Amino acid sequence: MTPKLTLKSGQRLKRNNDFVRTRRHGRTYRCPYFALFSTTHTEESGGHLSARIGISASKRVGNAVARNRLKRRFRELFRLRQHEIRQEADIVISIRFPANRATLSELEHRFEQAIQYNGLIRPERSSSP
């Protein structure tokens, strides 16, 4: 049986309060395709901290099919890099219209830039004594 490749419930921002707090008090990275807002959270969920993501796309981005496709792409970008992202990070991505025309590699490159710019990369632990 193949493993489930979806995000766990604790890895998604669901409450409006979390979206508002992250947008209002977080660091911002803007590019033509999206705006990424990030803060850190301190509450524990399920005994361990994990990075969480919330994605919003207005009707200006496109029809429901286009919006959902872009949301799936950004969730996948987050899922693939979740091991690099600090565990206490809350991320909100607000998708913009030109993202419809962007390739997956362009979105991936911009997402990597955004998490580096906002200081979300987990610090490397040195194994030397």
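Just so it is clear, none of the values below were taken in a lab; they were calculated from the coordinates. Here the structure is a predicted model, which means the values were calculated and not measured. Please note: Cβ atoms are built from the backbone with ideal geometry, for glycine as well, and neighbour counts cover all protein chains shown.
Structure above, values below:
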read-out	value
Computed FRET value (nearest 0.05) for Gln116 with Asn16, which takes r as the C-beta separation and R₀ as 25 Å	0.35
Quarter of the Cα convex hull surface for the chain, i.e. its orientation-mean projected area (nm²)	10.2 nm²
Computed [θ] at 222 nm, helices only, for the chain once each DSSP H run of length n ≥ 4 contributes -39500 (n - 2.57)	-10500 deg cm²/dmol
Lys, Arg +1 and Asp, Glu -1 on Cβ, resulting dipole of the chain about Cα centre, debye, nearest 20	680 debye
Length released on extending from Asn68 to Gln87, taking residue separation times 0.36 nm less the Cα-Cα span	4.3 nm
The chain: relative contact order in percent, alpha carbon pairs under 8 Å with at least 6 residues between	31 percent
In region 40-120, GluC sites (Glu not before Pro) in a DSSP loop with at most 11 other beta-carbon atoms within 10 Å	Glu43, Glu44
Cα-projected label distance for Glu106 with Leu5, points at 7 Å along beta-carbon direction, nm	2.4 nm
